[in-house]
Every structure is written in C-alpha cells, then in structure tokens.
Amino acid sequence: MNEKMDLRTYLYAHKITREQFADAIGVSVSSAANKIHGRTPLHVDEAQLAHDKLGIPIYIFLH
C-alpha cells in the first residue's frame, strides 16, 4: 500500500480518465478535475462511489 499516492497519481497510474472518474461520482468533468487537483473538496459519498465503481482504495482519499 502506497500511502503517499494522491488521487491524481492513482488515476494516472491506473489509467482512469477524468471522464470515468466524473461519471463514477456523478459530476461534470470540470468539477471532477477540480476535485482531483484539490481545488474543491471531495465529499465522503463521492469517495465511496469512486471506491465502489472504480475500485479506488479508500486510503487514497485520506492523505
């Protein structure tokens, strides 16, 4: 488990696109990009959706 990996790095490493991430959490691509880059907060329910639909480990959201 790499606890230093952030969401942006994880998505890139696992070839998950912004579009896929946005679709999984139910937001626009621009809103997803803001969340990926930390400009707006990612809510707990969105993190859970990303985990359930894309298999992103919860620890990625806890840094």
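The values are calculated or read from the model by the stated rules, or taken from the named source; none is laboratory data. All of these numbers come straight from a predicted model, not from anything done at the bench. Ideal geometry is used to build each Cβ from the backbone, glycine not excepted, and the neighbour counts take in all protein chains shown. Ligands, DNA and RNA are stripped out before the accessible areas are found, and what is left, the full protein with its side chains, is counted by its heavy atoms. Shrake-Rupley method; radii C 1.70, N 1.55, O 1.52, S 1.80 Å.
Annotations for the structure displayed:
- Residues of the range 19-40 that are among the basic types (K, R) and either over 15 Å from R8 (Cβ atoms) or surrounded by 13 or more Cβ atoms within 10 Å (Cβ to Cβ) (or both): K35 alone.
- Whenever a residue of the range 41-63 is open to solvent by less than 50 Å² (accessible area, probe 1.4 Å), its partners that are among the acidic types (D, E), lying with C-beta atoms within less than 8 angstrom and at least six residues away or across chains, give the pairs I60/D6.
- Filtered residues of the range 18-37 (kept if small (G, A, S) and within 10 Å of the chain's Cα centre (by Cα)): A22, A24, A32, A33
- Across the range 1-32, the qualifying residues are those that are in a loop (DSSP other than H, G, I, E, B) and closer than 13 Å to F61 by Cβ, and the one among them that is modelled with the lowest pLDDT is E3.
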